[in-house]
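Encoded as structure tokens, the structure appears first; notes follow it.
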Amino acid sequence: STNYEVGGAHSFGAVQLEGAAFYSRLSDVIVAFPMLFNGQPVTQSRNLGKGEYYGAELSVNAAVTPELSVGANYSWTKRELNDPTNTAFQPTGVPTHKAFAYADWMPLPGLHIVPNVDIASDRWLVNTAGTTYYRAGSYVLANLRVAYELRDGVEIGVGARNLFDKYYLLADGFPEQGRSFFASLRARY
């Protein structure tokens, strides 16, 4: 592949803005193609020839107050690959639009409350037999983490992912985890 990227960053006081645009020209693209062999689903690597990936990314972060910072990023990705042996072929697994937004609120010294949302548009998937391409739905996931710094470099935390128990797929036949909870202990040195 031949890759090109141009980007920049600038600070406007407490606001940091970054952006980039990218383009990749691909030759001899190898794609994992699902198929059935002796009744069993397997994956075969196929050479599709040429293709292009291009898109843009943008992020913004801001310190609203000493106790509150917010941020967001957005990516737009377009992939063009063609399989001359399969007119139904679609590049799978990557959404066209992806975004993430968060807030980090520190109501007390050392206590961080960090809600965030993870957003993705629908993406192409293919069934395990490699016979049908379809779009998996878009999703918006709400997550929350609460962490407390016990002392310099030592932090405990709890949180939840996928708070609203959204059903979504990233690969055919493998639903992603529903609502889940976690606890953490982090030590930095």
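Specify which labelled value, from [x] 61, 39, 31; [y] 50, 37, 27; [z] 66, 42, 29, agrees with Cα extents along the principal axes in Å derived from the coordinates of the model shown.
Computed from these coordinates, Cα extents along the principal axes in Å corresponds to label [x].
Nearest 20 debye, what's the magnitude of the dipole of the chain about its Cα centre given +1 on Lys and Arg Cβ and -1 on Asp and Glu Cβ?
300
Which percent of Cα pairs goes in each bin when the distances of the range 126-189 are cut into 10 angstrom slices starting at zero?
Spelled out bin by bin, the range 126-189 gives 19, 32, 23, 17, 8, 1 percent.
Taking 2.2 N^0.38 Å as the expected size of a compact globular protein, what ratio does the Cα radius of gyration of the range 1-102 give against it, to two decimals?
Relative to the rule-of-thumb radius for its length, the range 1-102 sits at 1.52.
Between residue 54 and residue 181, what is the spin-label point distance in nm, taking each point 7 Å from the Cα along the Cα→C-beta axis?
So the label points at residue 54 and residue 181 sit 4.9 nm apart.
Kindly list the residues of the range 17-56 that lie in the label zone of residue 63, defined by a backbone N under 16 Å from the point 7 Å along the Cα-to-C-beta vector.
In the range 17-56, the label zone of residue 63 (backbone N under 16 Å from the point 7 Å along Cα→Cβ) covers 17.
Would you work out what percent of the accessible area of the range 31-189, with all protein chains in place, is carbon or sulfur (probe 1.4 Å)?
59
Given contacts defined as C-alpha pairs under 8 Å and at least six residues apart, what's the relative contact order of the range 12-91, whole-number percent?
For the range 12-91, the relative contact order is 29 percent.
Mind checking the full-extension length gain between residue 16 and residue 142? Use 0.36 nm per residue of separation minus the Cα-Cα distance, one decimal, nm.
Extra length available between residue 16 and residue 142 comes to 43.0 nm.
Starting with the highest mean, order 120-127, 38-45 by the number of other Cβ atoms within 10 Å, averaged over the residues of each peptide.
The most tightly packed comes first, giving 120-127, 38-45.
Return the whole-Å distance between the Cα centroid of the range 58-87 and the Cα centroid of the range 139-184.
20
Where in the range 38-58 does the label zone of residue 28 land, with the point 7 angstrom along Cα→C-beta and an amide N cut-off under 17 Å?
Residues passing the 17 Å test: 45-52.
The values are calculated or read from the model by the stated rules, or taken from the named source; none is laboratory data. Quick caveat: nothing in here was measured; it's all calculated off a predicted structure. Note that each Cβ is placed from the backbone with ideal geometry, even for glycine, and that neighbours are counted across all protein chains shown. Each accessible area value is taken on the protein alone, full model and side chains, heavy atoms only, with ligands, DNA and RNA left out. Shrake-Rupley method; radii C 1.70, N 1.55, O 1.52, S 1.80 Å.
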